DNA sequence: CGGCTCACTTGATCTAGATCAAGAAATCAG
DNA sequence: CTGATTTCTTGATCTAGATCAAGTGAGCCG
């Protein structure tokens, strides 16, 4: 079983035949550090799976950048509103390190239902899962302090903190790098 | 065409026959002011459409309540993670006023695909739309001031501000009622 | 090895928005 | 209509976290 199949299996309830079929649509690709997977305004006609490396999802404002998310190995990456609704994509997605991904393009993606009968159900569960993740995130902004938000991310994704410049993590948590630095210091005692 | 069909049409690309079939599954219900549509911890085995009135989605913390969302007429309401994944629901949903809804129960909901061939596709688009709405909301917390968040909600949903106590709106925007009051005052000039 | 460039930390100060407290308005029940 | 309750406003004060400004240190490349 390939890495990709292995990971697909952790997300989706597929049997070996289905795994093989789905995985066959994904083509390996490499991004060099700094390469863009996607640019704001372009159409995102693909969905990818991160095998290794780091992809940062962000927007450029006039005076600063806002990081929305960082995808590490084992995550999928795309701009959903662009992929599904054909809208210009809202995010830039850039490789923070050399990154290995598997990519399925939109036309293949949209055909998956023909080959995998339970694809529509699977896809629904997948998007619903993404929805509830964001729901939690909204809730964290409504109800938690910076320190609490930091702790939750840290507990759930420790590796991230060794691999990614603090400023990006701070931005996706809605705080400054200085604040994270102070939270860390405080927690030493 | 009933109210419900009319609204379904604004969300979904159904023809008249499909509209009729889908609408037939929804049963009208009335909630009195203060009634609960759903309680934290219970299973949410239904999806509803708000015809009139107001439903507040919130969580009780030890020391306060956090309002996640308020559904007005024309919105759907459910706890998606509970409906789709059978988890205990995370939110309380309570009627702020007498409220008229149309409800489809989970077993019927899960059968829709049998009667409406394009239901799976439609459902996917619907959930994806909800996802991007939350994505915008997360982005608003990462990049905007209280005043900017207030303005966006106010522009997109003016009626809400006449109908709902300020404290609930404040909570769903992640600020206090006093802050909204001051933003308003400031904007008089 | 020494000089650059980033990333991170730390301190000093500032500020958006929270909290606390008191009135004023509006809404509601009898 | 009247008193009670809830909601909204306004002021005074406080604080979490931002901003600004120096350092410190760790890779990296010549």
| Of these, A:106, A:118, which one is within 23 Å of residue A:3 (Cα to Cα) and modelled with pLDDT of 95 or more? | A:106
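Per-residue answers, yes or no, for (1) within 12 Å of DNA strand D (Cβ to nearest atom); (2) in contact (Cβ under 8 Å) with a residue 12 or more places away in the chain; (3) closer than 27 Å to residue A:34 by Cβ:
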site	(1), (2), (3)
A:136	no, no, no
A:140	yes, yes, no
A:143	yes, no, no
A:154	no, no, yes
A:159	no, yes, yes
A:162	yes, no, yes
A:174	yes, yes, yes
A:185	no, no, no
| Any hit, segment A:24-32, residues being over 30 Å from residue A:170 (Cβ atoms), in a helix (DSSP H, G or I) and touching a helix residue (DSSP H, G or I) at 6+ places or on another chain (Cβ under 6 Å) | yes
| task | Residue by residue through segment B:163-180, note down the ones that are near DNA strand C (Cβ under 9 Å from one of its atoms) and in a helix (DSSP H, G or I). | result | B:170, B:173, B:177, B:178, B:179, B:180
| request: Would you tally the residues in segment B:106-158 being within 27 Å of residue B:187 (Cβ to Cβ) and outside any helix (DSSP H, G or I)? | output: 3
| message | For segment B:77-98, give me the residue count where each residue is assigned to a strand (DSSP E or B) and in contact (Cβ under 8 Å) with a residue 60 or more places away in the chain. | response | 2
| query | Scanning for something surrounded by fewer than 18 Cβ atoms within 10 Å (Cβ to Cβ), away from DNA strand D (no atom under 16 Å from the Cβ) and within 18 Å of residue A:8 (Cα to Cα), does segment A:87-98 turn up at least one residue? | reply | no
| remark: For residue B:56, the lone unmet condition from (1) under 27 Å from residue A:121 (Cβ atoms); (2) under 15 Å from the mean Cα position of the chain (by Cα) is (1)
| request: For residue B:143, state whether it is out of contact with any helix residue (DSSP H, G or I) (no Cβ under 8 Å at 6 or more places or on another chain) and within 14 Å of another protein chain (Cβ to nearest Cβ). | output: yes
| Among (1) modelled with pLDDT of 95 or more; (2) under 17 Å from residue A:172 (Cβ atoms), which single condition is residue A:65 missing? | (1)
| query | Within segment B:162-173, is there a residue that is under 16 Å from residue B:66 (Cβ atoms), within 12 Å of chain A (Cβ to nearest Cβ) and over 16 Å from the mean Cα position of the chain (by Cα)? | reply | yes
| Among the residues of segment B:148-189, which ones are farther than 28 Å from residue B:99 by Cβ and surrounded by fewer than 15 Cβ atoms within 10 Å (Cβ to Cβ)? | B:148, B:178, B:182, B:185, B:186, B:187, B:188, B:189
| message | Criterion first (surrounded by 19 or more Cβ atoms within 10 Å (Cβ to Cβ) and assigned to a strand (DSSP E or B)) does residue A:101 satisfy it? | response | yes
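The values are calculated or read from the model by the stated rules, or taken from the named source; none is laboratory data. In this text, all values refer to a predicted model and were calculated from it rather than measured experimentally. Using ideal geometry, Cβ is built from the backbone for each residue, glycine included, and neighbour counts are taken over all protein chains shown.
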